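Throughout, read-outs are computed from the coordinates displayed, never taken from laboratory work. Note that the structure is a prediction, hence the values are computed from the model and not measured. All Cβ positions, glycine included, derive from the backbone under ideal geometry; neighbour counts span all protein chains shown.
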Amino acid sequence: MNWLLPYYDWIKALHIMAVIAWMAGLFYLPRLFVYHAERATVGSELDQTFKVMEEKLLRVIMNPAMITAWICGILLIGMGGLDFGAVWGWAKLLAVIAMTVAHMWMAARRKEFAAGTNTRSGKTYRIANEAPTILMIVAVVAVIVRPF
């Protein structure tokens, strides 16, 4: 990975941009699900609008952003950008893995909405909307403050 060291700052910048885009999607998609679950009748025009919005958000923004964040993150780790000898490095990695699990859970829920088989309430999606925020706080505090 030494050949990448001259590009460290560029990789880190791309990583941060990808994380911002990914987090925006992780915040917004469950909010769309809240409105979809509470306001749209299956097969209605509003239902179709939400389906398009949810699919585009996931496939055009969230998936590429998550993949880019992971690739850049792995490259940064390979260049010594994460300290696994300290708890903060593990805390950040676990938060990112949990964000990925949340992303996959949301992708599965999008498929349910697309099929017209959603059974979850808006309340479920309101709760799901909080998870990325908590995980983001853990990751940022772990890396910036390094309290442990």
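What relative contact order, as a whole-number percentage, does the chain give when Cα pairs under 8 Å and 6 or more residues apart are counted?
Normalised by residue count, the contact order of the chain is 38 percent.
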Helix axis angle, 8-39 relative to the chain longest principal axis, alpha carbon, degrees | 20
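Report the charge-dipole magnitude of the chain in Debye, nearest 20, computed about the Cα centre from +1 at each Lys and Arg Cβ and -1 at each Asp and Glu Cβ. Before the final figure, lay out the partial values.
On the way: 14 positive and 9 negative charges, 37 e Å.
Here the size comes out at about 180 debye.
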In whole Hz, what ³J(HN,Hα) sequence does segment 104-112 give by Karplus (6.51, -1.76, 1.60; θ = phi - 60°), x for Gly and Pro?
-> 5, 4, 5, 4, 5, 5, 4, 5, 5
Gyration tensor on Cα atoms of segment 1-80, a ≥ b ≥ c root eigenvalues, a/c under 1.5 rounded, else prolate if a/b beats b/c, else oblate, says prolate
Could you give the nm distance between label points at residue 45 and residue 27, where each point is 7 Å from its Cα heading toward the beta carbon?
-> 3.1
Rounded to one decimal in nm, the spacing of the 7 Å Cα→Cβ label points at residue 86 and residue 117 is 4.7
Lysines whose Cα lies under 28 Å from that of residue 111, excluding same-chain neighbours fewer than 8 positions away | 51, 56, 123
Per residue of the chain, what 222 nm ellipticity follows from adding -39500 (n - 2.57) for every DSSP H run with n ≥ 4, rounded to the nearest 500?
-> -26500 deg cm²/dmol
Fully extended contour minus Cα-Cα distance, from residue 53 to residue 105, at 0.36 nm per residue | 17.0 nm
Quotient of Cα radius of gyration and Kirkwood radius for the chain, i.e. Rg/Rh, equals 1.06
Tell me, what is the FRET efficiency for residue 127 and residue 93 to the nearest 0.05, using R0 = 30 angstrom and their Cβ-Cβ distance as r?
-> 0.80
